[in-house]
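Below is one structure, written out as structure tokens; comments come after it.
The values are calculated or read from the model by the stated rules, or taken from the named source; none is laboratory data. The shown structure was predicted, so the numbers you read here are calculated from the model rather than taken from an experiment. Backbone-built Cβ (ideal geometry, glycine too); neighbour counts: all protein chains shown. Areas reflect the complete protein model, heavy atoms only, side chains present, ligands, DNA and RNA absent. Shrake-Rupley method; radii C 1.70, N 1.55, O 1.52, S 1.80 Å.
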Amino acid sequence: MPTLAVVGAGPKGIAIAAKARALAAAGLDAPRVVLVDRGGVAGNWTGRQGYTSGLLPLGTPPEKDVGFPYADSWGAASPAVTAAMADYSWQRHLISRGAYADWVDRGRLRPTHRQWSSYLREAAERAGAEIVPGEVVGLDIEGERWRLELEPGEAIRADGVVLTGAGPPITVPGQPRQHPRVLDGRNYWLAERAPGKQVAQNACVIGSGETAGSVVISLLKTLPKHSTVDVLTSRGVLYSRGESYEENRFYSDPGDWPGLAESHRREFLERTDRGVLSPQAEAILSQSRGFRTLAGRAVAIEAGARQVVVTIEYDNDRERVAYDLVVVAIGFDARWFEGLLGSEACRRLETGLAGDDLERRIELDLSVAGLNPPLHLPLMAGLAQGPGFPNLSCLGLLSDRILRRYVTLGEAARATAEGRALV
């Protein structure tokens, strides 16, 4: 039985573990799936590890759960796999708590991140997911298997590796690692607020995506009266995410995605996923006062004891603006894993890339082309394979794509499956 190691016990890892259990229940030879996480199951969604307060609404409809879109990816075994995956659905989670009717009658409200984490933990427990606590500090290839070095000194060997989860926050030149007046999209939610402070403040949020929008909404609620918030974006406008059928369908079924020209795929990602707000956040900000958007790019930060100076560049002009608080929310590093790779893994990765960009070299199973043993990178798969793989939009299809690498189907089942959802 092959072993598939998944770095991260969040939605993607849990979806893979649940699908492996469903495949086994359907009589297929599923691999052993091991989830490695230093922060516990769905820990980043609780509000206790940063990234969120835990009280923010989920940006994706909860019906897009760990099994969505429940595609016929497994030939004749597909009905059995789908039936088994129903045990891990969002609806099943609510039914088990006696809350399903209430949720429907209230208009299918978006759960909070903390409620979503509760669902994910239940799905992981129901699936009997194998969790190994620890931080991956090294990743290299020995022979034809991966070796994952864990802190404090353990090691896992696997036939394939899936890397999930957000990397460290992207920074601005000069940004200090720890400073009470300079925060980022992770530690903002962990920062202690000074009680009873009534002096108005001038704050700046750098970024235009969902994290930045959530921080702005939070600041408008918590800053003292008469405070102001500047939102610095490269385009000078906060755009909301496209939510039409024509846009959403590529997230659920990306079969036609590779047929689009690369320029159009990039345009689509910019329009619907990168640096845009959810309609929910946009609706709140449309009714809010106390903030303004600025056009420009932060090229430097100078943090002092009393204020933070941000150097803003726009259209070949530069200006320096002082703030009481700056929150850098320009995203997270999707290539964080490269610092973990040992010499052999680096050599094979370079060979597999063949001089091309990594995001162009992601194959159907979300692994890097030409790299063996396989390294699956759903966070990098948006351009090549479909916009839903880096986020929560098609967790069921994501697990299908990855697990197919490790499951042997009969010839009839293989022909059926290859003609359907995986292409």
**Prompt:** In whole Å and largest first, what semi-axes does the C-alpha gyration tensor of region 91-189 yield when each eigenvalue is scaled by 5 and square-rooted?
**Reply:** 34, 27, 11
**Message:** Apply the Karplus curve 6.51 cos²θ - 1.76 cosθ + 1.60, θ = phi - 60°, to the phi angles in region 380-391 and return the couplings in whole Hz, x for Gly and Pro.
**Reply:** 9, 8, x, 5, 7, 10, x, x, x, 5, x, 10
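Quote to one decimal, in nm, the extra length available between Asp357 and His264 on full extension: 0.36 nm per residue of separation minus the C-alpha distance between them. Show your work: numbers first, answer last.
Details: separation 93, 0.36 × 93 = 33.48 nm, distance 1.74 nm.
My answer for the length gained is 31.7 nm.
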**Asked** How large is the accessible surface per residue of the chain, computed with a 1.4 Å probe and reported in Å² as a whole number?
**Response** 46
**Item:** Amide H contacts of Asp184 (H built 1.01 Å from N, under 5 Å, at least 5 apart or other chain)
**Value:** Val328
**Message:** Given bins 10 angstrom wide, list per bin the percent of all Cα-Cα distances in region 282-386, short to long.
**Reply:** 12, 28, 19, 24, 17, 1
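Of all trypsin sites (Lys or Arg not before Pro) in region 215-270, which ones are in loop regions per DSSP and have a Cβ with at most 10 other Cβ atoms within 10 Å?
On the way: sites: Lys221, Lys225, Arg235, Arg241, Arg249, Arg265, Arg266; in loops: Lys225, Arg235, Arg241.
Sparse-neighbourhood loop trypsin sites (Lys or Arg not before Pro): Lys225.
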**Asked** Quick one: with all protein chains in place, what share of the accessible area of the chain is carbon or sulfur, to the nearest percent (1.4 Å probe)?
**Response** 49
**Message:** Please list, in order along region 345-350, the HN-Hα scalar couplings obtained from phi with the Karplus expression 6.51 cos²θ - 1.76 cosθ + 1.60 (θ = phi - 60°), rounded to whole Hz, x for Gly and Pro.
**Reply:** 5, 4, 5, 5, 5, 4
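Taking only C-alpha pairs under 8 Å that are 6+ residues apart, what is the relative contact order of the chain in percent? Could the numbers behind the result be given before it?
On the way: 858 pairs, mean separation 98.5, N = 423.
RCO, the chain: 23 percent.
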**Asked** Over the Cα atoms of region 1-55, how large are the radius of gyration and the largest Cα-Cα distance (Dmax), in Å?
**Response** 13.4, 41
**Item:** In Hz, Karplus ³J(HN,Hα) per residue of region 141-155 (6.51, -1.76, 1.60; θ = phi - 60°; x = Gly, Pro)
**Value:** 10, 10, x, 10, 9, 7, 10, 9, 8, 10, 7, x, x, 7, 8
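Tell me the Kirkwood hydrodynamic radius of region 215-254 in angstroms, computed as one over the mean inverse distance between distinct C-alpha pairs. Mind showing how you got there, number by number?
Working: mean 1/r = 0.0751 Å⁻¹.
This gives a value of 13.3 Å.
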